[in-house]
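The values are calculated or read from the model by the stated rules, or taken from the named source; none is laboratory data. This structure is a prediction, so every number in the text was calculated from the model and none was measured. Quick reminder, even Gly has a Cβ in these numbers, built from the backbone with ideal geometry, and neighbours come from all protein chains shown.
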Amino acid sequence: MCLGVPGCIESISEEDSLTRMGKVGFGGISCEVSLAYVPEARVGDYVLVHVGFALQVVDQNEAQRILEEIGKIEDLMQDDNSMIRPSLPLENPL
Amino acid sequence: MRFVDEFRDPERVHSCAAEIRSLTTQPWTIMEICGGQTHSIVRYGLDQLLPDGLTLVHGPGCPVCVTPVEMINKAIDIASQPDVILCSYGDMLRVPGSGRDLLSAKALGADIRIVYSPLDAIKTARANPGKQVVFFAVGFETTAPANGMSILQAAREGLGNYSMLATHVRVPPAMRAILTSQGTRIQGFLAAGHVCTVMGIDEYLPIAKEFHVPIVVTGFEPLDVLQGIAECVRQLEQGRAEVSNQYSRVVRSEGNPHARRVIEEVFEIVPRNWRGIGTFPESGLGISSKYRDYDAESRFGPGPPTS
């Protein structure tokens, strides 16, 4: 039930702090989201949305850093290919 | 970047799984707290990529499943009264009470409506001034700010026909209960990323220290979960027990102060019965006395007995 989805702020209707809303896009679908909890959020920011409320602005630099870190793991693990492919006869689980 | 697909890359999933296998030298048992993480583990088959000795135990999961029978009965009882509209998140409708669930109560004529957001319940209250509109407010700390905001908006607008049946639960007391339960096997935790998005990570520092268990704040995509497991195993293998933040693109150490302020304003900490587990002190959030007027429990009375 704690499902949260990142979406991009497309527009903001500047009402007061309690009722501040924004249109947020989720890869082709947009909906009205409360921005009351992210007063610092601007158009173009990605926000994490849960039950119609933005709970946090996604830190794009941090996301990039994490992916780079994972990329290093990928390089490291490439050396020993047997470690990457598990013994289980797994098709691609994704 | 849209922060979803990039964290589901199959090649990188296999690399992270390989890293976990290379890190693991002995058996370990780790619990992922949130049902959303469990969903990702099962959906993407992540458990099949882990070394045999590494066991994932699914945690107290989801505030829906641990909602006590008496609260389901109360919601059904309220919804079945004349001139009442009960608004609820969809996943609550099939959770059984003592006799029936909300879905069958709806089939018998109770006006029960599924909403995506508590703001939808507020709209329903505005549109039906002659009816009592009750919102069934369930959730971990993740959902409490949204539910709490509906009361603040109702109070400001003077929406006297709006009230909330709150049955929120808090994660840290549940973790302590798990760690103090007899024969517990849990050696490390993947903390619920979206609970920590709201609450931050400070609440977990004393737990990690007191019980000497690593706690890794973890997201929900496959790469998040595997990175969280890798960090947990790394700490276990090195004998460390720290709180670390894998989901740092969303979780700040202080959480969301605006959201926390509304939780502190609208709710108060209460004991809560977790279905199938038991009652823990301080493990729930009830509506504070300041907003008693918007508490459906005081507005509609105690409700039917549980048997």
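Counting just the residues of region B:214-258 that are within 15 Å of A:I70 (Cα to Cα) and small (G, A, S), which one comes out surrounded by the fewest Cβ atoms within 10 Å (Cβ to Cβ)?
B:S248
Can you find a residue that is modelled with pLDDT of 95 or more, farther than 18 Å from B:S163 by Cα and within 14 Å of chain A (Cβ to nearest Cβ) anywhere in region B:74-87?
No.
In region B:135-156, what residues are surrounded by fewer than 24 Cβ atoms within 10 Å (Cβ to Cβ) and more than 7 Å from chain A (Cβ to nearest Cβ)?
B:A155
Just need a number here: residues in region B:41-60 that are surrounded by 16 or more Cβ atoms within 10 Å (Cβ to Cβ), within 11 Å of chain A (Cβ to nearest Cβ) and either over 18 Å from B:Q235 (Cα atoms) or touching a Phe, Trp or Tyr at 6+ places or on another chain (Cβ under 7 Å) (or both).
Residues meeting the conditions: 5.
Which of the residues that make up region B:216-255 are closer than 17 Å to B:T24 by Cα and within 19 Å of the chain's Cα centre (by Cα)? Can you show your working first?
Residues of region B:216-255 closer than 17 Å to B:T24 by Cα: B:216, B:225-241.
Passing the criteria: B:V216, B:V225, B:G228.
For region B:33-51, give me each residue that is in contact with a helix residue (DSSP H, G or I) (Cβ under 6 Å, 6 or more places away or on another chain) and charged (D, E, K, R).
B:D47
Quick one: in region B:1-21, of everything that is surrounded by fewer than 16 Cβ atoms within 10 Å (Cβ to Cβ), in a helix (DSSP H, G or I) and not basic (K, R), which residue is farthest from the chain's Cα centre (by Cα)?
Among those residues, the one meeting the criterion is B:E11.
Could you grab me the full set of residues in region B:75-129 that are assigned to a helix (DSSP H, G or I), in contact (Cβ under 8 Å) with a residue 12 or more places away in the chain and farther than 24 Å from B:Q153 by Cβ?
B:I76, B:D77, B:L102, B:A105, B:K106
Kindly list the number of the only condition in (1) among the hydroxyl-bearing types (S, T, Y); (2) part of a helix (DSSP H, G or I); (3) over 23 Å from B:N256 (Cα atoms) that fails for B:S163.
(2)
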